[in-house]
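Presented below is the structure to which this report refers.
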Amino acid sequence: MSMFRRSFMVKDEPSKTGRWIRKRHGKHSRHGKLKAQSRSDSLTEHPVSSPAVTFVVSSERRFFVGHEHVIAQSLYFRSILRDLSMVGAHANKVVELPDEDPEIFSCILEYLYKGDYYPRLTHNELENTHDTKTTDRITSKATILHARTRDEILRDTVVYCAAEKYGLEDLKQLALRKQGLHVGIPIPIILRSARYAYENTPDSDADLRAHYLVMVIRAREMFKTSGTMEMEMEKGHAWFFDLFVAMCNHIDDMEGFCKQQSFKSS
């Protein structure tokens, strides 16, 4: 099986990726720590008697419980809670999420409480690099078997799409950064994850979609010999046209660079 063997960091991105220009994620870890501390402080300001909200997740009807003042950090849930209050459901509020994956929703709740989700993102200040901290290779694997699609896809991609749905911008950037740390991902999983990303983000998305375009461009030698890539392209999908545009822009950039170098040497 063809394998994708390198990690794509922000520094690897081409200057253009079709309609999308990737945002920079070079924030220092100290800023992230301050934000997490601020989040923790703000949560402890509220009484422990904050109303509880029960979530019924997936067709398996898995139950999760969270405090209302924590859940309300999400614009999506804040709107739902407001509607429940208007109809008189001041106690025992229940939110049904039949299409959500339990593992992903667990990540959402963990982020709302702690500002991160397992495995934690750590920063090496000496090398100015990031990594995920874990001692459990099983629970920290890069992929999940998604409950709704029944496909194995990249976990951080699903977290990103859930963060998009629930209005959690900082979580989107965190998930994107974590995904960039993974290596050794099989090409079929990358392509399935790209499809999922396109089907669960708006056309205006300028980060996750571009991330997949960058992946293919940077590892084009591997993708162009992949039978899975060939079959996926024959099936067709909107993201392949974006890939074509991004590839054309990359070629234009390379031609421009070569012309510039030729002019300097003449």
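The values are calculated or read from the model by the stated rules, or taken from the named source; none is laboratory data. Just so it is clear, the structure is predicted and the values come from calculations on it, not from any experiment. Glycine also receives a Cβ, built like all others from the backbone with ideal geometry; neighbour counts cover every protein chain displayed.
Tabulated data
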read-out: Flag for Glu164 being at pLDDT 95 or above and under 16 Å from the mean Cα position of the chain (by Cα); value: yes
read-out: Test: residue in region 182-191 that is β-branched (Val, Ile, Thr) and at pLDDT below 85; value: no
read-out: Residue under evaluation Phe240, criteria (1) within 30 Å of Asp101 (Cα to Cα); (2) free of Cβ contacts under 8 Å to residues at least 60 places away in the same chain; (3) exposed (fewer than 15 other Cβ atoms within 10 Å of the Cβ), criterion not met; value: (3)
read-out: Condition check for Leu174: in contact with a strand residue (DSSP E or B) (Cβ under 6 Å, 6 or more places away or on another chain), at pLDDT 85 or above and buried (at least 19 other Cβ atoms within 10 Å of the Cβ); value: no
read-out: Ser42 under 24 Å from Ala162 (Cα atoms), exposed (fewer than 15 other Cβ atoms within 10 Å of the Cβ), modelled with pLDDT under 90 and out of contact with any Lys or Arg (no Cβ under 8 Å at 6 or more places or on another chain); value: yes
